[in-house]
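The values are calculated or read from the model by the stated rules, or taken from the named source; none is laboratory data. Quick caveat: nothing in here was measured; it's all calculated off a predicted structure. Positions of Cβ are backbone-derived with ideal geometry, glycine not excepted, and every protein chain shown enters the neighbour counts. To get the accessible areas, we keep the full protein, side chains included, count just its heavy atoms, and leave off ligands, DNA and RNA. Shrake-Rupley method; radii C 1.70, N 1.55, O 1.52, S 1.80 Å.
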Amino acid sequence: MAVTLPAFADALPAGFVRLADVDPSIRQDIRYAGSDNFLHRKVNGYDAPACILTEQAAKALSAVQKAVAAKSLTLVVFDCYRPVRAVADMGEWTREGGPPDPHWYSRVRRSDLIAKGYVGELSTHSRGSTVDVALARTDRRSSPNPVCGAVDADTLDFGTGFDCFDPMSETAHRGLASEAAANRKMLVDAMRVAGFKNYAREWWHFTLTNEPFAKERFDFPITGN
C-alpha cells in the first residue's frame, strides 16, 4: 500500500529531502514535469520540476558529484522519486495503444512497452532511492544529439538519450562507439563507489543498494520549495 501525502502540500515524509537542499550544484532536468518526455505531456504527480529523494540517496549522490567535479563534470538528474500516481499514469497511457514513436521507441508499439519491460507497472522510483542520471561537462557544452530519447540534455555521449526504449540503452550493449561505452562505464563506476547499483537495461537508472524504504512505495506529489 502506498504511503500518502503528509498534512500540508509542501511537506515531505520523514526521511525525504529535496536534492537542491543537499547539493544545489547537481543539475536538474526533470523531464516528467513538462512535455519533453515519451508521453509528450506532464505526468500526473509532477507539480514542479524538482528532484526529491531519501536523505541517504541524496547524500550519496552528492558524494558522486564531489568525485566527478574533479574531472570538470557534473551529474544531471532526469528523474528521482516518482509518485505511485505517476507510475499508474504511465501505465494507463501505454494501454491506450498507438504506433511506435521514432523519437522515443522506434521498434515497439506503445501498447507493448510494459510487456517489453520499458515501462513498469511498479517502479523502484516510488521508494525514493532510485535516480535517473547522466554526466555533463562543466567547462563547455557537450550535447551529442542522440538518435533516440532525450536529445537536448547537454550531456556526454552515452550512445542514446535518457528514456530511449531500445536495446541500445542496455548498459553493456554491444556495438556502442568507444566514447559512449567509456562514458557509461565512468558513470557506473562513479555511482557504484557511492553505493548505487545500475539497472542493466537502462544505463541511466540507479538504485541505492541500502535503500531505507525497500518495501514501501510513496504517493505524495512532487512540489517545489
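Worth a mention:
- Index of the failed condition, residue 15 passing every other in (1) open to solvent by 50 Å² or more (accessible area, probe 1.4 Å); (2) of a type outside the set (Asp, Glu); (3) touching a residue at least 24 places away in the same chain (Cβ under 8 Å): (1)
- Condition check for residue 10: modelled with pLDDT under 95, open to solvent by 20 Å² or more (accessible area, probe 1.4 Å) and either part of a helix (DSSP H, G or I) or among the acidic types (Asp, Glu) (or both): yes
- When 68, 43, 64 are checked against the criterion of being within 26 Å of residue 12 (Cα to Cα) and not in a loop (DSSP other than H, G, I, E, B), a single residue qualifies: 64.
- Scanning the stretch 168-214 for residues that are more than 21 Å from residue 63 (Cα to Cα) and in contact (Cβ under 8 Å) with a residue 40 or more places away in the chain yields 201, 202, 214.
- Counted as qualifying within the stretch 116-215 are the strands (runs of 3 or more DSSP E) with 3 or more residues that are in contact with a helix residue (DSSP H, G or I) (Cβ under 6 Å, 6 or more places away or on another chain) and open to solvent by less than 50 Å² (accessible area, probe 1.4 Å), namely 205-208.
- Of all residues in the stretch 79-115, exactly one satisfies the criterion of being surrounded by 20 or more Cβ atoms within 10 Å (Cβ to Cβ), of a type in the set (Lys, Arg) and not in a loop (DSSP other than H, G, I, E, B), namely 110.
- Annotation: residue 39 fulfils all but one of (1) open to solvent by 40 Å² or more (accessible area, probe 1.4 Å); (2) of a type in the set (A, V, I, L, M); (3) modelled with pLDDT of 95 or more; the unmet one is (1).
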